[in-house]
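Please read the structure below before turning to the comments.
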Amino acid sequence: MATANSRTIHKHFRLDSIKLKRAQKALDAKTETEAVERALDLAISEHERSRLVLAANQRFLKSGIIIRDVFGSLEK
């Protein structure tokens, strides 16, 4: 959720009410604001995970490892 050094600001959005209620239920949020906060936190953490996976994949590929298709299933 929100960190101790975060700042609360007021924003006004036009949101799909059904989508907001579904997110609120899926995220087990008590309020619509909490649902939006949790959704934003999830988006931020997913982006960070994707960035870390991409960096790890790049390091793996640059390591010079050779991957062999021992079963021959990739050449079909």
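A short reminder: the numbers here are calculations on the coordinates, not readings from a lab. Every value quoted in this text rests on a predicted model; they were computed, and no experiment measured them. Using ideal geometry, Cβ is built from the backbone for each residue, glycine included, and neighbour counts are taken over all protein chains shown.
Quick notes
- Using the Cβ-Cβ distance between R7 and L27 with R0 set to 22 Å, the FRET efficiency works out to roughly 0.50.
- Under 15 Å, Cβ to Cβ, from K19 - net charge with Lys/Arg +1 and Asp/Glu -1: +3
- Think of the chain as a dipole: +1 on every Lys or Arg Cβ, -1 on every Asp or Glu Cβ, centred on the Cα centre; then among A35, F13, S50, F13 lies furthest on the positive end.
- Helix-only CD estimate at 222 nm, as mean residue ellipticity for the chain, using -39500 (n - 2.57) per DSSP H run (n ≥ 4): -18500 deg cm²/dmol
- In a DSSP loop and with at most 15 other Cβ atoms within 10 Å, the trypsin sites (Lys or Arg not before Pro) in segment 9-68 are K11, R14, K30, R68.
- Principal-axis tilt of helix 32-62 within the chain, Cα atoms, nearest 10 degrees: 20 degrees
- Approximate spin-label separation R49-I65, in nm, with each point projected 7 Å along Cα-to-Cβ: 2.1 nm
- Residues L42 and S17, FRET efficiency given R0 of 22 Å [Cβ-Cβ distance, rounded to 0.05]: 0.65
- Cα-based Kirkwood hydrodynamic radius, the chain, one decimal, Å: 16.4 Å
- Crossing angle, helix 17-26 versus the chain [Cα axis fit, 0-90 degrees, rounded to tens]: 70 degrees
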